[in-house]
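The values are calculated or read from the model by the stated rules, or taken from the named source; none is laboratory data. Here the structure is a predicted model, which means the values were calculated and not measured. Positions of Cβ are backbone-derived with ideal geometry, glycine not excepted, and every protein chain shown enters the neighbour counts. The area values use the complete protein model at the heavy-atom level, side chains included, leaving out ligands, DNA and RNA. Shrake-Rupley method; radii C 1.70, N 1.55, O 1.52, S 1.80 Å.
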Amino acid sequence: MSSKLVAVVTGANKGVGFGIARALCKQFDGDVILTARDVDRGQQAVADLNQEGLRPRFHQLDITDADSVNALATFLRDNYGGLDVLVNNAAIKFKDDSPAPFSEQARESVRCNFTGTLSVTRALMPLLRPHGRVVIVSGEKSMGAMDKCSLERQAEFRDPSLTMEGLQSLMAEFVQDAAAGTHQERGWPNTAYGVSKIGVTVMVFILTRELAADPREDIIVNSCCPGHVDTDMSSHKGPLTIDQGADTPVFLALLPPGVGGPKGQFCRLRKAEDW
């Protein structure tokens with residue numbers, strides 16, 4: 001078993017995830033596990049970084065597949081005895097001109113972006129060692145979507161007593177309302193991606209409350225906006241490079257031991273924002 005520190009980046013074969021893996025290979029004092037759903041694309045990403053003199057390791061991960069998630073957890077437990085950094089980056093986004101019905105967009109966006117992210121986090125957080133860091137890549141779309149929710153919906157998400165089970169129920173309610181075609185009259189915005197990112201942002205707040213009772217020292221969870229990055233997801237409309245987009249996620253992943261913050265917050269440009 002390796003005594004090295006270890007970091008995991010999900011959805012890292014391209015885009016911001018690839019930029020995060022690249023930066024961690026340069027700055028993190030340990031092994032970086034680059035994960036991707038597609039094995040060939042993931043291995044090609046590793047080969048590309050090898051050409052830059054960087055040495056990430058690859059592990060297949062489909063965040064929507066419980067067996068795949070459990071296989072990664074077993075790999076980390078058997079090979080490293082734990083985990084030090086988790087960057088949840090994997091996500092999907094339907095194009096603005098997608099012909100997919102909104103009900104399908106809602107179902108699949110929540111299934112991957114929210115439920116998949118929660119699945120990975122729940123599976124890997126027990127492996128975190130003291131001073132572990134978890135970063136969940138959200139985005140400014142979560143803030144815009146929140147503003148377009150009804151005041152009643154906003155209050156539900158902002159309730160300081162909201163549990164993870166309650167959050168899961170809210171996300172399931174959105175999917176059900178979208179399927180019924182009643183989501184807007186029931187206080188939801190007309191953006192499946194935005195609502196899924198509300199979910200992962202609020203997830204961070206809840207995880208931080210849960211960690212208050214955790215005996216492990218100095219485990220910090222944050223969400224962040226990488227900015228408008230030139231990627232497939234943005235249809236290459238963003239002005240930022242993937243390395244610029246990786247800056248805040250990597251900053252949060254490498255917060256030093258004992259740092260005062262950010263902690264349990266939504267961050268942009270390395271600073272916490274009032275989400």
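At 4 °C and 1.567 mPa s, grab the translational diffusion coefficient of segment 1-124 from Stokes-Einstein with a Kirkwood Rh over Cα pairs, rounded to a whole number in µm² per second. Approximately 87 µm²/s, per Stokes-Einstein.
Atom-type composition of the exposed protein surface of the chain places 48 percent of the accessible area on carbon and sulfur (1.4 angstrom probe). Between the Cα long axis of helix 39-51 and the first principal axis of the chain there is an angle of about 50°, rounded to the nearest 10.
So what's Rg/Rh here for segment 151-250, counting alpha carbon atoms and using the Kirkwood radius for Rh? Mind showing how you got there, number by number?
Values: Rg = 16.4 Å, Rh = 15.7 Å.
Rg divided by Rh gives 1.04.
Between the amide H of G227 and those of E140, distances stay under 5 Å, these residues lying 5 or more places away or on another chain, with hydrogens modeled in the peptide plane. Each residue, D218 and T241, gets one label point 7 Å from its Cα in the Cβ direction; the gap between the two is 3.2 nm. If you run the Gaussian network model on the chain, springs between alpha carbon atoms under 10 Å, then out of F75, F28, F251 the most flexible one is F75. Extending 7 Å from Cα along the Cβ direction at S98 and again at Q168 yields two label points whose distance is 2.3 nm.
Distance between the modelled labels on V259 and D67, one decimal in nanometres: 3.8 nm (7 Å Cα→Cβ projection). Taking the charge dipole of the chain about its Cα centre, with +1 at Lys and Arg Cβ atoms and -1 at Asp and Glu Cβ atoms, the residue from L240, S142, S103 reaching farthest to the positive side is L240.
For V39 and S2, calculate 0.36 nm times their separation in residues minus their Cα-Cα distance, and state this gained length in nm to one decimal. Each step should come with its number before you reach the end.
Details: separation 37, 0.36 × 37 = 13.32 nm, distance 2.36 nm.
My answer for the length gained is 11.0 nm.
Taking a straight Cα-Cα cut-off under 26 Å and skipping sequence neighbours fewer than 8 places away in the same chain, the lysines within cross-link reach of K14 are K4, K26, K93, K95, K141, K197, K237, K271. Note on the chain: antiparallel DSSP beta bridges, both residues inside, total approximately 10 percent of the bridges counted. Take 47-59, 3-15 and order them by the average number of nearby Cβ atoms within 10 Å per residue, most first; the result is 3-15, 47-59.
Working note: Karplus 6.51/-1.76/1.60 with θ = phi - 60° gives segment 200-215 the couplings 6, 5, 5, 3, 5, 4, 5, 4, 5, 5, 5, 5, 4, 9, 8, x Hz, where Gly and Pro are set to x.
Close amide H pairs (under 5 Å, H built 1.01 Å from N) link I136 with N88, N222, S223, C224, residues at least 5 positions away or on another chain.
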